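Engineer: I'd like to ask some things about the structure below.
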Amino acid sequence: MKNKKWLIILIVAFPSMFWLILESSNINSRKLPYYGEKLLNKNGDTIYHKVSDLFYEKVNVDSSVNFKQEKINYPLYVIVFIDKKYRDDSYRLTGLWEYLNYKKQKIERIPFILVTEYENGKSQAHDELLKLGNHNNIHFFGLESLDFKFQIKDYFTKKPYYIDYSFFLLIDANRNIRGYYDARYVSEFKRLIEEYQHLRLKEEKQKLIDKNEIKINS
């Protein structure tokens, strides 16, 4: 009988203890902002701008270039639009290549989406970037000029004035924009890594909460 009482106390107390531990952890020690256009629904709740996660992957078929539409299935990802005008500035990817060459273990779990502009099925930037090596977490997508410009407009809508279109963007599981980063600088890349990890922890925390609620209600 005594053991049953302790069991009941644990069942009742565990959800509260679980929540207290999570809330007091460093996961909640910072809040990342939401960027882009913000709207209000009929209930007065804020609706944050969502970006599209549909892109085109280059496919070579019978010596011709085709594009296959692909959806980005990663819960969180980092994306950059490669502008050919920055070719002489290493496409403004200095920070990324620094980490890939010397600190790869720090970013190997972060999905990076590199989108290049195609003109008549060709992209010099795409071909040059492929020569830099094969990395499992680096994914290349291509868009023809009009679609490329449309996607840039979507991802950088209502951006802060100091943000350049060559910046990397951090996208969360709801496809909201959570950060901009100038990848020419290692310090900015370090901040990107920290904020990606922060969002990933929050995502894992929510999964734990949801899983715990299902167990309690079952």
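Engineer: Any residue in the stretch 87-103 that's more than 22 Å from residue 127 (Cβ to Cβ): show its pairings with residues that are among the β-branched types (Val, Ile, Thr) and at pLDDT 90 or above at Cβ separation under 7 Å, as long as the two are six or more apart or on different chains.
Structural biologist: 99/107
Engineer: Another question, then. Can residue 172 be described as of a type in the set (Asp, Glu), out of contact with any Phe, Trp or Tyr (no Cβ under 8 Å at 6 or more places or on another chain) and surrounded by fewer than 19 Cβ atoms within 10 Å (Cβ to Cβ)?
Structural biologist: On the way: of a type in the set (Asp, Glu): yes; out of contact with any Phe, Trp or Tyr (no Cβ under 8 Å at 6 or more places or on another chain): yes; surrounded by fewer than 19 Cβ atoms within 10 Å (Cβ to Cβ): no.
So residue 172 does not fit the description; no.
Engineer: Here's something else I'd like to know. Starting from residues that are assigned to a strand (DSSP E or B) and among the aliphatic types (A, V, I, L, M), keep the ones in the stretch 29-57 and report whichever is nearest to residue 154 (Cα to Cα).
Structural biologist: Within the stretch 29-57, the subset assigned to a strand (DSSP E or B) is 35, 38-40, 46-48, 50, 54-57.
With among the aliphatic types (A, V, I, L, M) added as a condition, the list becomes 39-40, 47, 54.
Numbers: 39: 15, 40: 19, 47: 15, 54: 12 Å.
Here the residue is 54.
Yes or no, residue by residue, for (1) touching a helix residue (DSSP H, G or I) at 6+ places or on another chain (Cβ under 8 Å); (2) farther than 13 Å from residue 58 by Cβ; (3) not β-branched (Val, Ile, Thr):
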position: 113; (1), (2), (3): no, yes, no
position: 122; (1), (2), (3): no, no, yes
position: 126; (1), (2), (3): no, no, yes
position: 132; (1), (2), (3): yes, yes, yes
position: 135; (1), (2), (3): yes, yes, yes
position: 138; (1), (2), (3): yes, yes, no
position: 156; (1), (2), (3): no, yes, yes
position: 160; (1), (2), (3): no, yes, yes
position: 167; (1), (2), (3): no, yes, yes
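Engineer: Here are some conditions: (1) modelled with pLDDT of 90 or more; (2) under 22 Å from residue 163 (Cα atoms); (3) surrounded by fewer than 16 Cβ atoms within 10 Å (Cβ to Cβ); (4) not small (Gly, Ala, Ser). Residue 71 meets all but one. Which one does it not meet?
Structural biologist: (2)
Engineer: So, of the residues in the stretch 89-123 that are in a helix (DSSP H, G or I) and touching a strand residue (DSSP E or B) at 6+ places or on another chain (Cβ under 9 Å), which turns out to be surrounded by the most Cβ atoms within 10 Å (Cβ to Cβ)?
Structural biologist: First pass over the stretch 89-123, keeping only residues in a helix (DSSP H, G or I): 89-92, 94-102, 104-106.
Subsequent filtering for residues that are touching a strand residue (DSSP E or B) at 6+ places or on another chain (Cβ under 9 Å) retains 91-92, 95-96, 100.
Numbers: 91: 23, 92: 20, 95: 22, 96: 25, 100: 18.
Per the stated criteria, the residue is 96.
Engineer: Give the residue that is surrounded by the fewest Cβ atoms within 10 Å (Cβ to Cβ), with candidates limited to residues of the stretch 133-152 that are within 16 Å of residue 78 (Cα to Cα) and hydrophobic (A, V, I, L, M, F, W, C).
Structural biologist: Ranking the candidates gives 152 first.
Engineer: Report, by residue number, each residue of the stretch 152-195 that is out of contact with any strand residue (DSSP E or B) (no Cβ under 7 Å at 6 or more places or on another chain), within 18 Å of residue 91 (Cα to Cα) and of a type in the set (D, E, K, R).
Structural biologist: Within the stretch 152-195, 164, 182, 184 meet the criteria.
Engineer: I'd like the full set of residues that are at pLDDT 90 or above and either in a strand (DSSP E or B) or among the basic types (Lys, Arg) (or both), limited to the stretch 124-142.
Structural biologist: Selection gives 138, 139, 140, 141.
The values are calculated or read from the model by the stated rules, or taken from the named source; none is laboratory data. What you see is a predicted model, and the numbers here were worked out from it, not measured in a lab. Virtual Cβ from ideal backbone geometry, glycine too; neighbours counted across all protein chains shown.
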